[in-house]
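What follows is one structure encoded as structure tokens, with my remarks underneath.
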Amino acid sequence: MSPAEQTPIRDGELIAAVDMGSNSFHLVVARMEHGEPRVIDRLRDTVRMAAGLRADGTLDAERRARAMACLARFGQRIAGLPSIRVRAVATNTVRRLASPQTFLTTAEAALGHPIEVVSGREEGRLIFLGAAHDLPASREPRLVIDVGGGSTEFIIGRGLAPLHTESVQAGCIASTLRFFPGGKLTRKRWQRARSEIGVLLQQFAEDFRESGWQDAYGSSGTAKSIGAVVQAMKFSDDGITPASLAALSDALIEHGQIGTLKLPGLVEERAPVIAGGVVIFEAAFAALGIERLRVCESSMREGLLWDLLGRAGGSDPRTASIDALATRYGVDRAQARRVESTALLLFDQVARAWKLDSDAREWLSWASRVHEIGLAIAHSQHHHHGAYILRHADLAGFSRQEQQLLAAVVEMHRRKPDRAVVATLPQRYRQLARYTTALLRLAVLFRRARRAESLPQMRLAASSKSLRLTLPLTWFEQHPLSEADLQQEQSPMAELGIKLDISSS
């Protein structure tokens, strides 16, 4: 990213979001008007990736080809947009691939833009963000349910902020294939499906009930389809109710076969997966005590537009996540601030030579704030403990690849850096990880005393593969431990592909 990315998106600019769902891929293009994104174009393709996911985590050739062809069409539509104005994310099916990066390398080439994989809870946050902007303003908590192809997200939130988010491995495609093999619908199979999905929901149902909400909304294509059918069949004229779901399930079971299913209001492309969606909603209504659910027109793709707008305008949720994580693990804030200020001082001296921008500066700032979170577990190997937390925590605003980047920097900030850690990152993050780690290591070294003290006058010059650090001769004489640390740092820096030269003035 360039420094210009940190400026707000101006009126007239175009932005785009790509939602690679397990059932459908969506592209929305919007123009900024009066500070808000106004959608001017939409593209959608029913790829149904979840139907091609094998038990060993591979994707069958047909679904893979359909996905790439769809992304190539999307890519043509947004070819003129800079990547800083495009947000593309992949969800459940890509999360479950045995080798997601292999898939993503080809997918990014087809789309022409980076693609991030988001966790179920991050998916839920984006869904709620999109839905909340579409719904009438309210101070009361709301429940939003999004039944996707491979997973279902449940979110309770107030205003624009999610309060509770859960994701379960039950989607309309996966549930239809699992519980109704061969497309056969029977009462016995239906009851088994509802019971097993209900068990999944019990892990959070009580907490959700106690939290409470004023209204419930369905934000996915599944909810829209069910809403259209129950209205067309006159089961309900005001949203989806338990009675209308029961009547719809009876109609499906009576028909008996998915392959020939035709119902009023049901579009042809939804027929093969509607049974799984209905049974998920039935289980959710029962577990959560939902009396009525209305359909919301916006979902994750609109949430991506608003999130992109927030990042560009300085209200990045990732910063709040970092600060919350530091609080949760009892980070020594004073020491973190000392390391952060030192790291940024060094950054500003090499940014031009290393072609580092304001986005890279923010990554260094985040890493500095949480580089010691592993101390909450143990001092020994705390860099590894911290990296584990960062890889596996639910961090709002971060994609999985972004969490891997942050974890890599924290893991390599002390002891001998492991080159294999960098190799696991997407190519676009590898140089950033090396440079950020190098600056963080030096900052930690200068702040080893863990107390407020003035820094020496230092000059840090850089070339693509080297750093030259110049310090006053008198400072070396007064800080023999630091001098020894700097000399020993030359070998670890070499593991990062950086030659460290130290001189005095």
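Each value in this text was obtained by applying a stated rule to the coordinates, not by laboratory testing. Given the structure is predicted, the values throughout are model-derived calculations rather than measurements. Glycine also receives a Cβ, built like all others from the backbone with ideal geometry; neighbour counts cover every protein chain displayed.
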For this session: Taking only the stretch 462-489 into account, find how many residues are surrounded by 14 or more Cβ atoms within 10 Å (Cβ to Cβ) and not in a loop (DSSP other than H, G, I, E, B).
Result: 13
For this session: Determine the pairs where a residue that is among the charged types (D, E, K, R), located within the stretch 80-94, has a partner that is assigned to a helix (DSSP H, G or I) and crowded, with 18+ Cβ neighbours inside 10 Å with Cβ atoms under 7 Å apart, the partner being 6 or more residues away or on another chain.
Result: R87/L304; R87/D307; R87/L308
For this session: Restricting attention to strands (runs of 3 or more DSSP E) lying wholly within the stretch 18-108, give those where 2 or more residues are surrounded by 14 or more Cβ atoms within 10 Å (Cβ to Cβ) and more than 17 Å from the chain's Cα centre (by Cα).
Result: 25-33, 36-45
Problem set entry | Within the stretch 144-161, tally of residues that are part of a strand (DSSP E or B), closer than 13 Å to S299 by Cα and not β-branched (V, I, T) | 3
Exercise. Somewhere in the stretch 342-354, is a residue within 12 Å of T436 (Cα to Cα) and within 26 Å of the chain's Cα centre (by Cα)?
Worked result: no
Exercise. Of the conditions (1) farther than 26 Å from I377 by Cβ; (2) without any contact (Cβ under 8 Å) to a residue 40 or more places away in the chain; (3) not hydroxyl-bearing (S, T, Y), A336 fails just one. Which one is it?
Worked result: (1)
Exercise. Which one is nearest to A360 (Cα to Cα), of the residues in the stretch 437-455 that are in contact (Cβ under 8 Å) with a residue 40 or more places away in the chain and assigned to a loop (DSSP other than H, G, I, E, B)?
Worked result: R447
Exercise. Could you count how many residues in the stretch 244-297 are buried (at least 19 other Cβ atoms within 10 Å of the Cβ) and part of a helix (DSSP H, G or I)?
Worked result: 23
Exercise. Would a scan of the stretch 422-430 turn up a residue that is in contact (Cβ under 8 Å) with a residue 60 or more places away in the chain, in a helix (DSSP H, G or I) and in contact with a strand residue (DSSP E or B) (Cβ under 6 Å, 6 or more places away or on another chain)?
Worked result: no
